[in-house]
Structures are given as structure tokens and as C-alpha cells.
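All remarks here apply to the structure that follows.
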Amino acid sequence: MSKAHFEVFVDAADKYRWRLVHDNGNILADSGEGYASKQKAKQGIESVKRNAPDADVVEE
């Protein structure tokens, strides 16, 4: 069972955003930008799920 879930919400600028929230309430990641529609925010979530399942960790 997953220990995190995605939330879609409207920010103070009336834009849609998403965040990945751990079951303990900590925010693990967020969209970093607002979207004009809920559909676009959900597409952003799907993009993260699809394009970064095995992303490398780069240390600088």
C-alpha cells in the first residue's frame, strides 16, 4: 500500500496545483507552478509518474 498520495488544489492566485503528500502529512513534492485547469494539473501528475519512476539522484 502506498504511503503517499497526490492532492490537487487551488492556490491563492486561483491556479490549480498538485502536491505529493506522505501519510504523515509531510509534503514530498509539489508542482512548482500553477495550472489554468484541474485537467492540466492532473496531466502534470501523470507526467511525473510516467517520466521519473527511476530518476537518478545527482549530487552537486
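What residue, among those in the range 1-51 that are in a loop (DSSP other than H, G, I, E, B) and either of a type in the set (A, V, I, L, M) or on the phi > 0 side of the Ramachandran plot (or both), is modelled with the lowest pLDDT? Explain how you work it out, then say what you get.
Quick first cut of the range 1-51, residues in a loop (DSSP other than H, G, I, E, B) only: 1-3, 11-15, 23-26, 31-34, 36-37.
With the extra rule that they be either of a type in the set (A, V, I, L, M) or on the phi > 0 side of the Ramachandran plot (or both), the set shrinks to 1, 12-14, 25, 32, 36.
Working: Met1: 69, Ala12: 97, Ala13: 97, Asp14: 98, Gly25: 95, Gly32: 95, Ala36: 98.
So the residue we want is Met1.
So, in the range 23-47, of the ones that are in contact (Cβ under 8 Å) with a residue 24 or more places away in the chain and in contact with a Leu (Cβ under 9 Å, 6 or more places away or on another chain), which residue ends up surrounded by the fewest Cβ atoms within 10 Å (Cβ to Cβ)? Across the range 23-47, the extreme among qualifying residues is Leu28.
Contact annotation: residue pairs with Cβ atoms under 8 Å, 6 or more positions apart or on different chains, pairing a residue in the range 9-22 that is closer than 9 Å to Ala41 by Cα with a partner that is aromatic (Phe, Trp, Tyr) and surrounded by fewer than 17 Cβ atoms within 10 Å (Cβ to Cβ), are Tyr16/Phe9; Arg17/Phe9; Trp18/Phe9.
The values are calculated or read from the model by the stated rules, or taken from the named source; none is laboratory data. All values reported here derive from a predicted model rather than from experimental measurement. Methodologically, a virtual Cβ is constructed for each residue, glycine included, from the backbone with ideal geometry; neighbour enumeration extends over all protein chains shown.
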